[in-house]
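A.B. asks: Below is the structure I would like to discuss, written out as structure tokens.
The values are calculated or read from the model by the stated rules, or taken from the named source; none is laboratory data. Please read these numbers as outputs of a predicted model, since none were measured by experiment. In this analysis, Cβ positions are derived from the backbone assuming ideal geometry, glycine residues included, and neighbour counts consider all displayed protein chains. Remember, those area values only see protein heavy atoms, side chains included, never the ligands or the DNA or RNA. Shrake-Rupley method; radii C 1.70, N 1.55, O 1.52, S 1.80 Å.
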Amino acid sequence: MRAIEITHPGGPDVLQICERPLPSFKPGEVLIKVQAAGINRPDVFQRTGNYSPPPGASDLPGLEIAGEIVDGDFSGSAFKKGDLVCALVQGGGYAEYCCAPTAQCLPLPDGWSAVEAASLPETFFTVWSNVFDRVKLASGETLLVQGGSSGIGAAAIQIATALGHRVFATAGSDEKCLACEALGAERAINYRTEDFAAVIKAATDGKGVNVILDMVAGDYVPREISCLADDGRLVFIATLGGSSANIDFRHILMRRLTITGSTLRPRPIAFKAAIAAQLRERVWPLLAARKIKPVIFKTFPLEQAAQAHALMESSSHIGKIMLTIEH
């Protein structure tokens, strides 16, 4: 099969097309003929040598795919050969074929293409596991999404809005802010020209937001703490702005704040299977009803994975960057 491998740590040009043997599925896995794969920040970190695959995972990049099941272990599963699915994988998505745990597969939402469906798993699993499972955004609570125009951000805005929450977001340009508001954000804040903490406090009558989903960290953290409501929760999924911050812990004590975070890739199959079940029950009907829509910025053929990575690193995109695989 054709695949994209990381020849050595470096820039986008280290992504090269190669020939690899078809992967062999293990018990509890299916083999998928990949039609589309999503590009995600962890792929970039892996390419630069800063995010090694978990033990036993493919060395090929790619964490989310969609395509046709062509073989596998179907015991205890409703899936069968020929089904079209999207799946969260630990690696190997930039290829014509990829194995996925059956429990991490979900059917294509009604009316969605493979490219649209492949944009879902990494972002939707991440958002659900952190915002709704880890910090338990509850009915009537408000959410601030940092990086609202990213794939993660677009997913978080749409899911939370569709479930009835007030959502705020930050983005780096007026164009991106308008895109966030079109996705459902009540107010998007241009972090280059506005103080997001001041805007949030004003928009919530001084109360602050209940939950913040943050992929920035660094010097954002003190301001995030200042605009959290009492009993608020701050959850990190990345540290693009730096891995340390100077904070006053008295605010955490006096206002009963929670600061937490997680990474998804190394979590066990059982954890991801539980998230998949929640998504199928709570979110998949919203996708089928088009209350949540795909946000695809640009697609590239598999051979142009390097150009896709260069676009992601430019941060000029709004939504997802995808690869398509022709067989």
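A.B. asks: Name the one entry in ARG280, ARG267 that is out of contact with any Ser or Thr (no Cβ under 9 Å at 6 or more places or on another chain) and charged (D, E, K, R).
C.D. replies: Of the residues listed, the single one that is out of contact with any Ser or Thr (no Cβ under 9 Å at 6 or more places or on another chain) and charged (D, E, K, R) is ARG280.
A.B. asks: While we're here: What are the pairs with Cβ atoms under 8 angstrom where one residue, in the stretch 94-115, is under 16 Å from MET1 (Cα atoms) and outside any strand (DSSP E or B) and the other, located anywhere, is among the hydrophobic types (A, V, I, L, M, F, W, C) and open to solvent by 20 Å² or more (accessible area, probe 1.4 Å)? Sequence gap at least six, or different chains.
C.D. replies: Once the first residue is under 16 Å from MET1 (Cα atoms) and outside any strand (DSSP E or B) and sits in the stretch 94-115, its partners that are among the hydrophobic types (A, V, I, L, M, F, W, C) and open to solvent by 20 Å² or more (accessible area, probe 1.4 Å) give GLU96/MET1.
A.B. asks: Out of everything in the stretch 32-57 that is farther than 20 Å from LEU120 by Cβ and not in a loop (DSSP other than H, G, I, E, B), what residue ends up being most open to solvent (accessible area, probe 1.4 Å)?
C.D. replies: PHE45
A.B. asks: OK, next. Can you name the residue in the stretch 1-19 that is touching a Ser or Thr at 6+ places or on another chain (Cβ under 9 Å) and in a loop (DSSP other than H, G, I, E, B) and is also nearest to ALA308 (Cα to Cα) among such residues?
C.D. replies: Across the stretch 1-19, the extreme among qualifying residues is GLY11.
A.B. asks: Give the residues of the stretch 288-327 that are over 16 Å from the mean Cα position of the chain (by Cα), closer than 17 Å to ALA66 by Cα and either in a helix (DSSP H, G or I) or of a type outside the set (A, V, I, L, M) (or both), sorted by residue number.
C.D. replies: ALA288, LYS298, THR299, PHE300, PRO301, LEU302, ALA305, THR324, GLU326, HIS327
A.B. asks: Yes or no: the stretch 29-46 includes at least one residue that is without any contact (Cβ under 8 Å) to a residue 60 or more places away in the chain, under 22 Å from the mean Cα position of the chain (by Cα) and farther than 11 Å from GLY92 by Cα.
C.D. replies: Within the stretch 29-46, one or more residues are without any contact (Cβ under 8 Å) to a residue 60 or more places away in the chain, under 22 Å from the mean Cα position of the chain (by Cα) and farther than 11 Å from GLY92 by Cα.
A.B. asks: Tell me, which residue of the stretch 120-143 that is in contact with a helix residue (DSSP H, G or I) (Cβ under 7 Å, 6 or more places away or on another chain) and not in a helix (DSSP H, G or I) is most open to solvent (accessible area, probe 1.4 Å)?
C.D. replies: LEU137
A.B. asks: Sticking with this one: Only one of these is closer than 25 Å to LEU178 by Cβ and either open to solvent by less than 30 Å² (accessible area, probe 1.4 Å) or touching a Leu at 6+ places or on another chain (Cβ under 8 Å) (or both): LYS291, LYS272, LYS320. Name it.
C.D. replies: LYS320
A.B. asks: Which number in (1) loosely packed, with under 14 Cβ neighbours inside 10 Å; (2) touching a residue at least 12 places away in the same chain (Cβ under 8 Å) marks the one condition that ALA245 misses?
C.D. replies: (1)
A.B. asks: Considering only residues that are hydrophobic (A, V, I, L, M, F, W, C), within 28 Å of ASN50 (Cβ to Cβ) and open to solvent by less than 40 Å² (accessible area, probe 1.4 Å), which ones fall in the stretch 7-31?
C.D. replies: VAL14, LEU15, CYS18
A.B. asks: Next question, about the same structure. Restricting to the stretch 59-98, count the residues that are of a type in the set (D, E, K, R) and either under 21 Å from the mean Cα position of the chain (by Cα) or surrounded by 24 or more Cβ atoms within 10 Å (Cβ to Cβ) (or both).
C.D. replies: Within the stretch 59-98, residues that are of a type in the set (D, E, K, R) and either under 21 Å from the mean Cα position of the chain (by Cα) or surrounded by 24 or more Cβ atoms within 10 Å (Cβ to Cβ) (or both) number 2.
A.B. asks: Could you tell me which of the residues ALA160, ALA197, ALA185 is in a loop (DSSP other than H, G, I, E, B) and open to solvent by less than 40 Å² (accessible area, probe 1.4 Å)?
C.D. replies: The match here is ALA185.
A.B. asks: Exactly one of (1) out of contact with any Cys (no Cβ under 8 Å at 6 or more places or on another chain); (2) surrounded by 24 or more Cβ atoms within 10 Å (Cβ to Cβ) is unmet by ALA117. Its number?
C.D. replies: So ALA117 meets the others, but not (1).
Conditions (1) of a type in the set (Val, Ile, Thr); (2) modelled with pLDDT of 95 or more, marked per residue:
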position: ASN190; (1), (2): no, yes
position: VAL235; (1), (2): yes, yes
position: ALA238; (1), (2): no, no
position: GLY241; (1), (2): no, no
position: ALA274; (1), (2): no, yes
